[in-house]
Amino acid sequence: MATTRFSRPVEIPDDLGDVSVAPVTGRVTLPLHVAWSGQGDYDMSNEDQLRSVYELVMTEGTEDDVLQYIDLNQLLDVWEDLWLSPHVRERWTAWLRGRGLLPE
């Protein structure tokens with residue numbers, strides 16, 4: 001878990017690539033600690049909403065949230081289109097590159 005002086009920790013489970021329980025389609029309701037603005041219901045078959053879920057979970061979620069909502073293959077498909085804070089993108093980029101999933 002990495003953090004900077006001005007940001008919360010970015011939580012990425014080591015075993016994300018080992019499990020795929022994340023919904024690829026259908027509706028999900030994010031917990032309040034992730035979707036704290038109140039908008040918590042998303043349709044994962046809608047690519048814009050899927051990206052919103054990934055952005056929120058990758059930024060605000062715990063390791064358990066990441067395991068529940070992030071599908072690694074789908075993450076790689078939408079990676080370039082995600083809007084992430086620099087510290088979040090940096091941490092996830094390092095994690096993905098460390099597993100040979102993104103080019104150096």
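The values are calculated or read from the model by the stated rules, or taken from the named source; none is laboratory data. Predicted model only: the values in this text are computed from it and were never measured. Glycine gets a Cβ as well: all are built from the backbone with ideal geometry, and neighbour counts include every protein chain shown.
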### Query
Within the range 50-65, is even one residue free of Cβ contacts under 8 Å to residues at least 12 places away in the same chain and either surrounded by 15 or more Cβ atoms within 10 Å (Cβ to Cβ) or touching a Cys at 6+ places or on another chain (Cβ under 7 Å) (or both)?
yes
### Task
Please go through the range 43-72 and pick out each residue that is in a helix (DSSP H, G or I), over 20 Å from Arg8 (Cα atoms) and of a type outside the set (S, T, N, Q).
Glu47, Asp48, Leu50, Arg51, Leu72
### Task
Go through (1) in a helix (DSSP H, G or I); (2) surrounded by fewer than 17 Cβ atoms within 10 Å (Cβ to Cβ); (3) of a type in the set (A, V, I, L, M, F, W, C) one by one and return the number of the condition Leu75 breaks.
(2)
### Query
Does any residue of the range 3-24 turn out to be of a type in the set (Phe, Trp, Tyr) and modelled with pLDDT of 95 or more?
no
